[in-house]
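Engineer: One structure coming up, written as structure tokens, with questions to follow.
Read-outs throughout are calculated quantities, based only on the coordinates presented, and are distinct from any laboratory measurement. This is a predicted model, so every value here is computed, not measured. Ideal geometry is used to build each Cβ from the backbone, glycine not excepted, and the neighbour counts take in all protein chains shown.
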Amino acid sequence: LGAAKKVRGALIVIEGLDRAGKSTQVSRIAQSITAKTIKFPERTTPIGKMIDSYLGKMSEMDDHAIHLLFSANRWEKVDEILRSLDDGQHVICDRYAFSGIAYSCAKGLSHDWCRSPDVGLPLPDLTLFLSLTPEVAAQRGAYGEERYEVVAIQEKVKTILSQLGSETNVGPWQTIDAGQDIDKVTEDCLAEVKKAIDSVQLKGAPIGKLFT
Ligand code: ADP
Ligand code: FDM
Ligand code: MG
């Protein structure tokens, strides 16, 4: 008798506007379910350093070029993500391809063009969209100094991001009311995460491919 095949981990994505509480919830969920976390952009790689410099307004770049770098920054982590999932470890991403599309589209790039470099990335088993009104976000402190931290862009990003869940082949998508008390947001997130993990374990299906 061979050993029972190990069940793969679940890929969970947290999306939302600046100050929606993504990083807070990613760390709380990871602690609760014992997961690996990856933050996009992953600023420590050579590509990530170029992105960091662009976001910090230390360098300028064509909108298409920076879009491709954000996508490449995800692709360079795919191997590690897939190996972790294969190993039975859950992976939680703080932002993913949906942020990539939303921010670049907000600057005026075409939706189809923005989507293509991310086609085929690992398909999330669950995306939690932390939804927050700009008014409540404003109560959580002033914007920082980074490139996209301005009201006009955030408004456009919110509209685009909230529509991405109804596109085809994005995986299960749940909107969470991020304006609630921190503990209640965590409770709502964990309820969805646990359902997603159960579903992965029940189906035993391999990881899918985004937008395909
Ligand atoms: P993001 O990663 O989405 O930008 P953070 O997790 O860094 O957001 O949270 C932004 C700020 O808002 C932090 O000061 C954090 O403590 C606070 N915060 C997070 N969630 C809540 C919440 N549900 N209610 C009130 N404040 C919150
Ligand atoms: N961002 C993030 C993009 O424009 N494209 C992407 O693909 C990703 C992952 O980078 F303004 C933007 C979104 C945000 C910034 O901010 C990253 P945080 O605070 O590190 O999440
Ligand atoms: Mg954050």
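Engineer: Give me the aspartates and glutamates in straight-line cross-link reach of K203: C-alpha distance below 16 Å, same-chain residues under 8 apart excluded.
Structural biologist: D86, D125
Engineer: Would you calculate the separation in nanometres between label points at Q174 and E76, each defined as 7 Å from the Cα along the Cα-to-beta-carbon direction?
Structural biologist: According to this spin-label approximation, the distance is 3.3 nm.
Engineer: How big is Rg to Rh over the stretch 1-109, alpha-carbon atoms, Rh as the Kirkwood inverse-mean-distance radius?
Structural biologist: Over the Cα atoms of the stretch 1-109, Rg/Rh equals 1.05.
Engineer: For the chain, give the share of DSSP beta bridges that are antiparallel, in percent and rounded to the nearest 5; count only bridges with both residues there.
Structural biologist: 5
Engineer: Now a separate question. What order do you get for E149, E135 when you list them from fewest to most C-beta neighbours inside 10 Å?
Structural biologist: With the fewest neighbours first, E149, E135 line up as E135, E149.
Engineer: Same structure, new question: Which of the trypsin sites (Lys or Arg not before Pro) found in the stretch 31-87 are loop residues per DSSP with 10 or fewer other Cβ atoms within 10 Å of their Cβ?
Structural biologist: K57
Engineer: Something else: Fewest first, what order do V150, V13, V185, V193 take by the number of other Cβ atoms within 10 Å?
Structural biologist: V150, V185, V193, V13
Engineer: For the chain, what is the mean residue ellipticity at 222 nm derived from helices alone (per DSSP H run of n ≥ 4: -39500 (n - 2.57); sum divided by total residues; nearest 500 deg cm²/dmol)?
Structural biologist: -15500 deg cm²/dmol
Engineer: What is the chain's relative contact order, in percent, from Cα pairs under 8 angstrom and six or more apart in sequence?
Structural biologist: Over the chain, the number comes to 33 percent.
Engineer: Still on this structure: Expected output is a single nm value to one decimal: the length gained when fully extending between V150 and A205, i.e. 0.36 nm times separation in residues minus the C-alpha distance. What is it?
Structural biologist: 15.7 nm
Engineer: Could you tell me the calculated FRET efficiency between A191 and K6, based on Cβ-Cβ distance and R0 = 25 angstrom, to the nearest 0.05?
Structural biologist: 0.50
Engineer: Over the residues of the chain, compute the C-alpha Rg and express it relative to 2.2 N^0.38 Å.
Structural biologist: Its radius of gyration relative to the 2.2 N^0.38 Å reference: 1.01.
Engineer: Between E60 and T212, what is 0.36 nm times their sequence separation minus the Cα-Cα distance? Round to one decimal in nm.
Structural biologist: Contour length minus Cα-Cα distance gives 51.5 nm.
Engineer: Give a residue-ordered list of calculated ³J(HN,Hα) values for the stretch 41-51 (Karplus: 6.51 cos²θ - 1.76 cosθ + 1.60, θ = phi - 60°; whole Hz; x for Gly, Pro).
Structural biologist: Rounded to whole hertz, the list is x, 8, 7, 8, 7, x, 5, x, 5, 5, 5.
Engineer: I need to check one value: relative contact order of the stretch 1-109, counting alpha carbon pairs closer than 8 Å and at least 6 residues apart, in percent.
Structural biologist: Relative contact order comes out at 47 percent.
Engineer: Let me check against my output: what whole-number percent is the relative contact order of the stretch 108-201, with C-alpha pairs under 8 Å and at least 6 apart?
Structural biologist: The value is 42 percent.
Engineer: Measure nothing fancy, just the Cα-based angle from helix 97-106's long axis to the longest principal axis of the chain, in degrees from 0 to 90, nearest 10.
Structural biologist: Approximately 20 degrees, to the nearest 10.
Engineer: When Lys and Arg each count +1 and Asp and Glu each count -1, what net charge do the other residues less than 15 Å away from V157, Cβ to Cβ, add up to?
Structural biologist: Here the charged neighbours net out to +1.
Engineer: In the stretch 11-202, what is the count of Lys pairs whose alpha carbons are under 18 Å apart, counting only pairs at least 8 residues apart or on separate chains?
Structural biologist: 16
Engineer: Calculate the spin-label point distance for S162 paired with A138, positioning each point 7 Å from the Cα along the beta-carbon direction, and give it in nanometres.
Structural biologist: 1.6
Engineer: Relative to the longest principal axis of the chain, what angle (0 to 90°, nearest 10) does the C-alpha long axis of helix 182-203 take?
Structural biologist: Approximately 50 degrees, to the nearest 10.
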